[in-house]
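Q: Please find one structure pasted underneath; my questions will follow.
Bear in mind these aren't lab numbers, they're just calculated from the coordinates by the rules spelled out. Computed from a prediction, not measured in an experiment: that's the story for all the values here. Virtual Cβ from ideal backbone geometry, glycine too; neighbours counted across all protein chains shown.
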Amino acid sequence: MTHEFDLAASLASGVQGRSGAWSFIQGFTAHWVGAALENGDGWTEADLDAAEERLGVRLPAALREAYLLFGRRQDLTSNHDVLLGPAELYVDEAKEALVFRHENQGAESWGILLDSLQDDDPSVLIRPDLACKSAERWESWLERLSLCFVEIILSESLQAGADLCDFLDPDDDSLELLETNSARLPFPAYPIGEETRWFLGHDALLRDDDGAAILARGRTTEDLDRVRDLIPGDWLNDHR
């Protein structure tokens, strides 16, 4: 799967359910990351069984499938935030949720409520890790775990390194040029926080974080340079 991969069409299918999500991730990895998924990129059934025995809970089908398919590929899942391995999964202190991901500085955690672990593709919640522990609570994040993994792969791809990725503090003109020179991708709205929008340019993936930042990743350095030319500004990694 190389130049035949249609990111927008594959994503439209990928946000609908588990099988589409894994197909999207396989295609995106082969076409955009340049290192297709292979045997050995995931954890083993024994690793996951050991996690279930240690925790005393059943891991949802979607979590098992994701970990088996690409759970060991940190270049896909942990460039910025961290996907926990099977031996690192834990139940939070309040015994409310199974935690599977941390923000890179420990400011947030992602988890699945224990009473939804029986679902094959349960919803995902997010919780701020605050100095005032009494203020922490789990809030809705994305409606399905498989959708969350699509979001993880996309977001972590924007943090893959300065050669292919960049950051812009935009102004109104920047946002207008983003909308003019790229197409909005069909990713569902995030339920909390600021509006996040995904776009596809010419072999470039872009994300608008509510007008506060534009993040871009090109398939090649030339593709990233094209984004910088189309959306002029003080790009963080542009040293041309």
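Q: Restrict the check to the range 175-188 and report whether at least one residue is of a type in the set (A, V, I, L, M, F, W, C) and in contact with a His (Cβ under 9 Å, 6 or more places away or on another chain).
A: So the first thing to find is which residues in the range 175-188 are of a type in the set (A, V, I, L, M, F, W, C), and the list is 175, 177-178, 183, 185, 187.
Next cut, in contact with a His (Cβ under 9 Å, 6 or more places away or on another chain) only: none.
No: the range 175-188 contains no residue that is of a type in the set (A, V, I, L, M, F, W, C) and in contact with a His (Cβ under 9 Å, 6 or more places away or on another chain).
Q: Just to be sure I understand, how many residues within the range 149-179 are aliphatic (A, V, I, L, M) and within 18 Å of Asp75 (Cβ to Cβ)?
A: Number satisfying all stated conditions: 8.
Q: Let me ask another. Given the range 8-95, what helices (runs of 4 or more DSSP H) lie entirely inside it while holding 1 or more residues that are buried (at least 20 other Cβ atoms within 10 Å of the Cβ) and of a type in the set (Ser, Thr, Tyr)?
A: Values: elements: 18-28, 45-55, 61-70, 74-77.
Hits in the range 8-95: 61-70, 74-77.
Q: For the range 190-201, check the following and say yes or no: at least one residue is loosely packed, with under 12 Cβ neighbours inside 10 Å, touching an Asp or Glu at 6+ places or on another chain (Cβ under 8 Å), without any contact (Cβ under 8 Å) to a residue 12 or more places away in the chain and within 21 Å of Ala12 (Cα to Cα).
A: Scanning the range 190-201 turns up no residue that is loosely packed, with under 12 Cβ neighbours inside 10 Å, touching an Asp or Glu at 6+ places or on another chain (Cβ under 8 Å), without any contact (Cβ under 8 Å) to a residue 12 or more places away in the chain and within 21 Å of Ala12 (Cα to Cα).
Q: Here's something else I'd like to know. Does Leu117 fit the bill of being under 16 Å from the mean Cα position of the chain (by Cα) and not basic (Lys, Arg)?
A: Numbers: under 16 Å from the mean Cα position of the chain (by Cα): no; not basic (Lys, Arg): yes.
Answer is no for this residue.
Q: Also, quick follow-up: Out of all the residues in the range 77-97, is one or more closer than 16 Å to Ser157 by Cβ, in contact with a helix residue (DSSP H, G or I) (Cβ under 8 Å, 6 or more places away or on another chain), without any contact (Cβ under 8 Å) to a residue 60 or more places away in the chain and hydrophobic (A, V, I, L, M, F, W, C)?
A: Step one: list which residues in the range 77-97 are closer than 16 Å to Ser157 by Cβ, which gives 77-83.
From the residues that got through so far, the ones that are in contact with a helix residue (DSSP H, G or I) (Cβ under 8 Å, 6 or more places away or on another chain) too are 77-81, 83.
Next cut, without any contact (Cβ under 8 Å) to a residue 60 or more places away in the chain only: none.
Among the residues of the range 77-97, not one is closer than 16 Å to Ser157 by Cβ, in contact with a helix residue (DSSP H, G or I) (Cβ under 8 Å, 6 or more places away or on another chain), without any contact (Cβ under 8 Å) to a residue 60 or more places away in the chain and hydrophobic (A, V, I, L, M, F, W, C), which makes the answer no.
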